[in-house]
1. Look through A:Glu21, A:Glu4 and report the one residue that is closer than 20 Å to A:Leu121 by Cα, acidic (Asp, Glu) and open to solvent by 90 Å² or more (accessible area, probe 1.4 Å).
2. Being of a type in the set (A, V, I, L, M) and out of contact with any strand residue (DSSP E or B) (no Cβ under 7 Å at 6 or more places or on another chain) narrows it down to one residue among B:Leu55, B:Leu65; which is it?
3. Which of the residues spanning the range A:1-13 are under 21 Å from A:Thr101 (Cβ atoms), in a loop (DSSP other than H, G, I, E, B) and touching a residue at least 40 places away in the same chain (Cβ under 8 Å)?
4. Can B:Leu85 be described as aliphatic (A, V, I, L, M), modelled with pLDDT of 95 or more and farther than 24 Å from B:Ile163 by Cβ?
5. Go through (1) in contact (Cβ under 8 Å) with a residue 12 or more places away in the chain; (2) open to solvent by less than 20 Å² (accessible area, probe 1.4 Å); (3) within 13 Å of chain B (Cβ to nearest Cβ) one by one and return the number of the condition A:Met128 breaks.
6. Give the residues of the range B:73-86 that are assigned to a loop (DSSP other than H, G, I, E, B) and within 12 Å of another protein chain (Cβ to nearest Cβ), sorted by residue number.
Protein chains: 2
Amino acid sequence: MYPEILAHIKRYVQLSPQEEELLCSKLEIQKFKKKQYILEPGKHCAGNYFIVKGLVRQYYVNSKLNEQIVQFGLESWWIADQDSLLNHIPSTVYIQTIEATEVLLLSEKNRILLFEQIPKLESYFRVMMQKAFIAAQRRIGFIFNQSDEERYRYFTGLFPDFIQRVPQYMLASYLGFTPQFLSRLRAKKV
Amino acid sequence: MYPEILAHIKRYVQLSPQEEELLCSKLEIQKFKKKQYILEPGKHCAGNYFIVKGLVRQYYVNSKLNEQIVQFGLESWWIADQDSLLNHIPSTVYIQTIEATEVLLLSEKNRILLFEQIPKLESYFRVMMQKAFIAAQRRIGFIFNQSDEERYRYFTGLFPDFIQRVPQYMLASYLGFTPQFLSRLRAKKV
């Protein structure tokens, strides 16, 4: 049994002890060291990864050969390449650990199987997607309507602990500006 | 019965004739003239709107009092303020028609009711959210990695017919640049 994931699901839907057991039997625990790859471009994403412990980043390498961070994932977050999963296409992104990380993999095959046996899980994943979509929409709003500095202050205000765990150049990539700009911002010592 | 929505759902899940009838009985058809508001800030979003005919935009007014377009919606697309729906909070956005528009409203109450009676619909809406999330993630990538001009060319290449239906200043707002910049781009006559 995996208490972290069960606690997370319980916030949204109620499973019976039998359903919890069935779910856990379909999860595969995987452990990665720091800087290891969970997914790489050209490979099919295996499923959705629930992060039990650790920190990961999802990024791609853009046309200027810079790493562009799409998303971070930390404890009790799901991470996956949804495009690869939904459209059965090879991934275009990397998912790499930033710290030593423990994930639970729910393969797409097992997820579909579970949806048939526990329809409430479909509801849970619908809400997860809805939340992810809302967050992505908000992020677009911030990019268009906040200055780089405003975006940095807002993000660090929202996730103060997280900021401490992430190398600065990755934060800069996620927020869409250069590490040099971030250094200047931080030098202001706010 | 509403053939447009049934055809769309059929692409993802198969409903029986009884299920189709039940679904259609829970939809409410609403007709709007050009430039009417379907949703306004401060009001709770009533549900998900399926666009049968017409064109709408979802936007908010930013701190500089500019209209920032979050999303367009046209035939066979769903539009809603997901944040308002999921978190039961008043909306912060406008949904306004650009052309005379006919929508089918699936109220949140009826949606939950349908999920209990037709679990396949939960699957359909999960996939809708997954697609919306993928699109939003891609848009973030474009904003960071394409120049304004590249973004304009890419978007007009993807949706040539749609471009003809949308006022230029709205397109500029969606793509995140000024109408003046767009005029200059178009003057190049590509």
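The values are calculated or read from the model by the stated rules, or taken from the named source; none is laboratory data. Note that the structure is a prediction, hence the values are computed from the model and not measured. Positions of Cβ are backbone-derived with ideal geometry, glycine not excepted, and every protein chain shown enters the neighbour counts. For the accessible areas, the whole protein counts, side chains as well, though only heavy atoms, and no ligand, DNA or RNA atoms are used. Shrake-Rupley method; radii C 1.70, N 1.55, O 1.52, S 1.80 Å.
1. Answer to the check: A:Glu21.
2. B:Leu65
3. Hit for the range A:1-13 is A:Tyr2, nothing else.
4. yes
5. If we test A:Met128 against (1) in contact (Cβ under 8 Å) with a residue 12 or more places away in the chain; (2) open to solvent by less than 20 Å² (accessible area, probe 1.4 Å); (3) within 13 Å of chain B (Cβ to nearest Cβ), just (2) comes out false.
6. Answer for the range B:73-86, where residues must be assigned to a loop (DSSP other than H, G, I, E, B) and within 12 Å of another protein chain (Cβ to nearest Cβ): B:Ala80, B:Asp81.
Residue-by-condition table, conditions (1) more than 22 Å from A:Gln146 (Cβ to Cβ); (2) without any contact (Cβ under 8 Å) to a residue 40 or more places away in the chain; (3) of a type in the set (Ser, Thr, Tyr); (4) not in a loop (DSSP other than H, G, I, E, B):
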residue	(1), (2), (3), (4)
B:Lys120	yes, no, no, yes
B:Ile134	yes, yes, no, yes
B:Arg139	no, yes, no, yes
B:Gly157	yes, yes, no, yes
B:Arg184	yes, yes, no, yes
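Residue by residue, here is whether (1) closer than 25 Å to B:Asn87 by Cα; (2) of a type in the set (D, E, K, R); (3) more than 8 Å from every other protein chain (Cβ to nearest Cβ); (4) under 16 Å from the mean Cα position of the chain (by Cα) holds:
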site: A:Pro90; (1), (2), (3), (4): no, no, yes, no
site: A:Val103; (1), (2), (3), (4): no, no, yes, yes
site: A:Glu116; (1), (2), (3), (4): no, yes, yes, no
site: A:Ser123; (1), (2), (3), (4): yes, no, no, no
site: A:Ile140; (1), (2), (3), (4): yes, no, no, no
site: A:Ile143; (1), (2), (3), (4): yes, no, no, no
site: A:Glu149; (1), (2), (3), (4): no, yes, yes, no
site: A:Gly157; (1), (2), (3), (4): yes, no, yes, no
site: A:Phe162; (1), (2), (3), (4): yes, no, yes, yes
